[in-house]
Structure formats: C-alpha cells, structure tokens
Amino acid sequence: SSAGIGPITVRDLADYSGATIPADVRRGWVNAVRSAGSQQGTVDASLTLLAFSAGRFGAQLSSTGGARMGLGADAMELFFLGNAEAVAANRTLRPNGSLTANAFLTPSVSYALPLRRSKDGGLALAVTAKYVQGLADVDARDDGSAISPDTVRLRFPVVLNNPETGAGSGMGADLSLAWRRGTTTAGVVVTNAFNSFAWDASAYRCRDIKADITVNANSTGTSEIPCTGALSERVRQASARRFRPGVRAGVAFVPTRSLTLTGDVATQLGAEDETIVLGPKTSVGAGAEFRGIPFLPVRAGFSVITGGTLASAGASLRLGSFEIGAALQQRTVDGVSSANLMLGLVTVR
C-alpha cells in the first residue's frame, strides 16, 4: 500500500505536530499550492489474498484499488487561513477539487509450457487466464462552488457505479516467455494481451452534494439526480476505459552464489484517458539481492518511472519452507512523495 500528498507533504505538517502553525507558514503553503496548480494526494493498495503453485500450474486471488485527490489553491486557503483575508479583499474563493477511486478483484490461473530444455537452461512459455471483477468506480468533481463574503455555494456532483446491479467484469490473458542459460535469466511479459473488462454504463448513478448558505438561510443535502449533460459525458468516459496491453522485459544475472543483479523495463500502451492504469505507466529500473546470510536475504532497487522515481529496500526471513518478507518504497511522482509498505506475511516455497 502507499499514500502521499504534495506539494504540502506529511513531513511539512509533522514539523508542527502539537504546535500552532504560524500564519506566514500557512500562507506560504497556500502560495506553493497556487504555484503548483493544486494539492495532490494519492492512495494505492494491492493485496494478494491467496497464491499457490505446483509444478507447471499456479493460481492467485488478488485485489487492487486506488484513489486520486486534487484540491485547488482556494480550497487550501480556506482550510489553512479561513475566508477572513478573502472577505477583507472582497474576493470570491472558488474551492475546486476532484476525487477519483476504483477497485478490482482478480482470480487467475497460470500454466507454464517448456519449449526447449538443455543441461544449463531452457526456454518456456506461460499463459495466465484471469477474471476481472470491478468492485467500485467513483468520479467526484467540483462544479462551480464559490464562497463570497456573504454567500456560500457548494456544488459537488458525484458519478459512481452501483455494484448491486453489476459494476463491470471481463476475462483477460497474460503471456510470458522466459529463457535461462547458466547464471543468466531473461523474460518478457505481455499483460492484458487480451482483456474484455468493461464498466457497465447502465450501473452508474449520479448524486449531487450541495450547500447554499447565506446570512438569512441555509440549505444542505445530497440527492440522486439524472446523469444528463456533462454528467452523461463523465459516465461515457468512465465506462469507455479499458485495460490496455502492457509490456515488461527483465534480466537477472547471478555473478556469485550470494548475489543476484536485475534490470527491467516496462510500459503500458494506450492513452491515459482511455486506459485503466494501475501503477506507473512506464518504468526503467535496476536492483540487487544479497544472500550473505542465507536465511536473511536483503534487497534494494531504484527505478525511473513516469513523472518521477521509485527507490525500494527490503528483507526476508526464511525458515525452512516458509518465508516472511517486508519492503519499503519511496516514490516521488509530479512532486508528490509517498511511502509504500509491502508485506509478505507467509510464503511457502
């Protein structure tokens, strides 16, 4: 899992833990957001519920999900400074923002087929068949909210699907080819070589979150509204997104019994506004595993990814056929830094 915010980061806030944040610092933060365009936040999580392999066969049940948030500078000014300065300047605040989120459940099975064997290596093809069940898809955007000296007007329509009527599903397949000779192993994977997943457009609903507050009256609430006009276009865009093919290639070299060096490159095809993207769209990286202590291997890696970088380090504890592992990642994308935690609770080798 991972979470991050920027340009105002968790570290910025932690520096004032338990203390009052000076007004000039808060004003500086608002100016930083205004220069960056918005305050961004991301949350990503993946969980392998079950994984099993025996001989040439393998099976896995996994879930993935993520959320993206954006808040404009006026929203951050309202949060950090209130509206006193805007009222004094007779200025209207427009706290625009957005939130998108989705989640999936994927059971899959794999089969590996040896194509060629030799004393020190060989070539093998693997096919993975999977079923993708969409669990949730949410798109919330500000629609003209404004806060003036004497009026508060909030409009935040939300487009979301209804899992009870069928959020979306489809079948998919991944293809991989692996080659090994001596101490060198190389492979290439085509993910979603075929994938029929599609969100069900008829399952989407639209709700309006609104508030109107004046010195004399106020009205707040949420209600279901027809998905017409701009909301209809948002439903069309959401339901049109697909899992597009992706390609990953990698190589591993074992120069000594206690050291493995790796390198990989990956890219996902398709325009971002038409693609369901899980993780970075492109990456180029290198890594190493050191097994100087056989039961406690340690790993480290660094990648250049779309819009930033990713650094990671981790270790595992091997006890006979069982392995428990953990790793930390530091990811920076478009100025937003996030710390990622990965846990392998129990692995049976």
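The values are calculated or read from the model by the stated rules, or taken from the named source; none is laboratory data. Note that this is a predicted model, so its numbers are computed, not measured. We place every Cβ from the backbone using ideal geometry, glycine too, and count neighbours over all the protein chains shown. Just the protein is used for accessible areas: all its heavy atoms, side chains included, with ligands, DNA and RNA removed. Shrake-Rupley method; radii C 1.70, N 1.55, O 1.52, S 1.80 Å.
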Can you name the residue in segment 48-66 that is modelled with pLDDT under 90 and open to solvent by 70 Å² or more (accessible area, probe 1.4 Å) and is also nearest to the chain's Cα centre (by Cα) among such residues?
-> Thr48
Matching residues in segment 75-103 (closer than 27 Å to Ile147 by Cα and in contact (Cβ under 8 Å) with a residue 60 or more places away in the chain) number 5
Count of residues meeting criterion [in a loop (DSSP other than H, G, I, E, B) and either open to solvent by 90 Å² or more (accessible area, probe 1.4 Å) or not small (Gly, Ala, Ser) (or both)] in segment 19-47 | 3
Would you check if there is a residue in segment 225-238 being among the hydroxyl-bearing types (Ser, Thr, Tyr), without any contact (Cβ under 8 Å) to a residue 12 or more places away in the chain and either open to solvent by 70 Å² or more (accessible area, probe 1.4 Å) or assigned to a strand (DSSP E or B) (or both)?
-> yes
So the strands (runs of 3 or more DSSP E) completely within segment 117-206 holding 2 or more residues that are aliphatic (A, V, I, L, M), buried (at least 16 other Cβ atoms within 10 Å of the Cβ) and in contact with a Ser or Thr (Cβ under 6 Å, 6 or more places away or on another chain) are 121-141
Conditions (1) farther than 24 Å from Ser337 by Cα; (2) assigned to a helix (DSSP H, G or I) -> Gln60 fails only (2)
Picking from Arg244, Arg257, Arg248, which residue would you name as being closer than 30 Å to Cys227 by Cα and open to solvent by 60 Å² or more (accessible area, probe 1.4 Å)?
-> Arg244
Mind listing just one residue for me: the one in segment 265-302 that is without any contact (Cβ under 8 Å) to a residue 24 or more places away in the chain and part of a strand (DSSP E or B) and, of those, most open to solvent (accessible area, probe 1.4 Å)?
-> Phe302
